Amino acid sequence: MTTISTSRPVQIEVVDSPGCHSCDETHRVLSGLKKDGYLIEVRSFDARTAPGQDRMQEHRAGLTPLVLVDGAFFSQGGVSRRRLITLLES
């Protein structure tokens, strides 16, 4: 296992929807990164709830999952493991 050193966990927020295959895959990618030693904290929000809707509107996202890294837009409609690793290691 590779451990990535950072001073604090990277905050990742996922706005997802029930039955969304891309959402399920995004959660699998994030779980895998945690198992690989990346220091991340993941919070999930249902797109049907007020907090989820607020984030979708704020970032003008039309697709779930919406993925935010430290509050900034990262992706919508899925997540690239390679691109996320590049960000985490920078």
Output the 0 to 90 degree angle, nearest 10, between the alpha-carbon long axis of helix 21-35 and the longest principal axis computed from the alpha carbons of the chain.
20
How big is the dipole moment of the chain about its Cα centre under a simple scheme where the beta carbon of each Lys and Arg is +1, that of each Asp and Glu is -1, and everything else is neutral? Debye, nearest 20, please.
180
Just to confirm, what accessible area per residue do you get for the chain at 1.4 Å probe, in whole Å²?
60
Taking K and R as +1 and D and E as -1, what net charge do the other residues with C-beta under 12 Å from the C-beta of residue 61 add up to?
-2
Using a simple spin-label model with points 7 Å from Cα along the Cα→Cβ vector, what separation in nm is obtained for residue 29 and residue 82?
1.2
Over what distance in Å are the Cα centres of region 76-90 and region 30-56 separated?
13
In the full protein assembly as shown, how much of residue 80 is accessible to a 1.4 Å probe, in Å² to the nearest 10?
50
Whole-Hz ³J(HN,Hα) for each residue in region 68-75, computed from phi via Karplus 6.51 cos²θ - 1.76 cosθ + 1.60 with θ = phi - 60°, x for glycine and proline: what do you get?
10, 10, 6, x, 9, 4, 10, 6
Contour minus Cα-Cα span, residue 11 to residue 70, at 0.36 nm per residue, comes to 20.8 nm
Please arrange 49, 64, 86 by accessible surface area, largest first, computed with a 1.4 Å probe and ligands excluded.
86, 49, 64
Accessible surface of the chain, 1.4 Å probe, proportion on carbon and sulfur as whole %:
49
Given H placed on each backbone N at 1.01 Å, which residues far from residue 44 in sequence or on other chains put an amide H within less than 5 Å of it?
14
Nearest-10 value in Å² for the accessible area of residue 41, using the 1.4 Å probe
80
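The values are calculated or read from the model by the stated rules, or taken from the named source; none is laboratory data. What you see is a predicted model, and the numbers here were worked out from it, not measured in a lab. Quick reminder, even Gly has a Cβ in these numbers, built from the backbone with ideal geometry, and neighbours come from all protein chains shown. In case anyone asks, the SASA skips ligands and DNA or RNA and just uses the protein heavy atoms, side chains included. Shrake-Rupley method; radii C 1.70, N 1.55, O 1.52, S 1.80 Å.
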